[in-house]
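The values are calculated or read from the model by the stated rules, or taken from the named source; none is laboratory data. Because the structure is a prediction, the values reported are computed rather than measured. All Cβ positions, glycine included, derive from the backbone under ideal geometry; neighbour counts span all protein chains shown.
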Amino acid sequence: MTLSKNSEEYIKQIPIYRPTLSGNEKEYIIRCIDSTWISSKGGFTLEFEQKFAEYIGTRYATTVSSGTAALHLALLALGAGPGSEVIVPTLTFVASANAIAYTGATPIFADSLESTWQIDPDDIRRKITPKTCGIIAVHLYGHPCDMDALTAITKEFGIFMIEDCAEAIGSRYKKSHVGNFGEIAAFSFYGNKTITTGEGGIIATNNKTLYDRAVHLKGQGLSPHRQYWHDVIGYNYRMTNLCAAIGLAQLEQVDAFVSKKRQIASWYRNELKDLPLRFHDEIGDVVNSYWMCSVLVSDALLREKLRDYLAGLGIETRPVFYPIHTMPIYSQNYQHHSVAEDISLRGINLPSWPGLTAEDVNFICNSIREFLNKH
């Protein structure tokens, strides 16, 4: 396909992401409504939790209202609070840091590795203080962090690790699904995630005590032994049975979704390989689920011009996340994280949803090629 011949037919929007709801979602929603169990109690919630834990290989999982809620409860269950510090990558979605701030703890930002875009273990070591209680390992855009290095740090310093797996359902590190390396893991099921419940998240862990704490806190701190007796300040972080019904149908398709997304990544990689940009490829003994397929352009000045050009052709893109330390809410003290800042300035997320066809990807790549040839 050449751009000049076929561009008019593609003025329709090619979105950055669109959920694929082609399984049993409607059937399960109807069954849920017919049962009248539409709030947080019900069979779909329990089945979704059990099957999700089985899929990623953890002992326990409990659904929550969002991925952010999952991070917040994970931090609370591990004792983060005022006077403590939690190290988090600056190159991530802001929720990773906000959840720390919710507890009264202080987020401490670390730089990224140029190779994988994930948190830099050496920079973590430089940021550890007597106040450090843990780290959040974010598997950014689906690429696993260096879990061997991070696990070694947590053992050496006696601190916890939370895995932020919001973007990494289906990702694996040395054949183990992410979410099995830290004390507790948080997943997101927002509408643009690999599987979705509309809004929602889940906490996964192999630790029964942490699981029990999370379950206790998400349900308003209601005592399990005395009706309407609340023994801690809790939160209304439960997932509805309706959302869980969608989630169960999505989980039945997760392998197909991940397989298709990896195929899309291979299409991009092959079609862009001769252009002056860098594809965010997988590095090491990992499986990248490619929640987002991303590229780095050679010059930060070209990034927005390319995005505008693609938008004019109906192709939606996103900038790579802005480093959190540059945002007004977290920029009171000057910091410089050179790798994260460079990736953020030059990075673009390309359309990455499972419904994309080879023709769609070909058109996107031809559009990128034509722009770069002119610049």
Report, by residue number, each residue of the range 336-354 that is in a loop (DSSP other than H, G, I, E, B) and either surrounded by fewer than 16 Cβ atoms within 10 Å (Cβ to Cβ) or in the same structural domain as P121 (by TED's automatic domain parsing) (or both).
H336
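Sort out which residues of the range 298-325 are without any contact (Cβ under 8 Å) to a residue 60 or more places away in the chain and not small (G, A, S), and write them in order of number.
D299, L301, R303, E304, R307, D308, P319, Y322
I'd like to know if the range 175-187 contains one or more residues that are farther than 30 Å from I30 by Cα, in contact with a His (Cβ under 8 Å, 6 or more places away or on another chain), at pLDDT 95 or above and surrounded by 21 or more Cβ atoms within 10 Å (Cβ to Cβ).
Yes - at least one qualifying residue is present in the range 175-187.
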Residues of the range 236-250 being touching a helix residue (DSSP H, G or I) at 6+ places or on another chain (Cβ under 6 Å) and either aliphatic (A, V, I, L, M) or more than 13 Å from L46 (Cα to Cα) (or both), which ones?
Y237, L242, A244, A245, I246, L248, A249
In the range 356-375, anything at pLDDT 95 or above, surrounded by fewer than 18 Cβ atoms within 10 Å (Cβ to Cβ) and not in a helix (DSSP H, G or I) is listed as T357
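What number of residues within the range 46-98 satisfy the criterion of being in a loop (DSSP other than H, G, I, E, B) and not charged (D, E, K, R)?
Residues that pass the stated criteria total 16.
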Which of the residues belonging to the range 245-271 are more than 18 Å from I16 (Cα to Cα) and aliphatic (A, V, I, L, M)?
A245, I246, L248, A249, L251, V254, A256
Which one is surrounded by the most Cβ atoms within 10 Å (Cβ to Cβ) among residues in the range 190-232 that are hydrophobic (A, V, I, L, M, F, W, C) and under 21 Å from Q250 (Cβ atoms)?
I203
Every residue from the range 342-375 that is more than 21 Å from D308 (Cα to Cα) and without any contact (Cβ under 8 Å) to a residue 40 or more places away in the chain:
T357
Of P89, P15, the only residue that is modelled with pLDDT of 95 or more and farther than 30 Å from N333 by Cα is P15
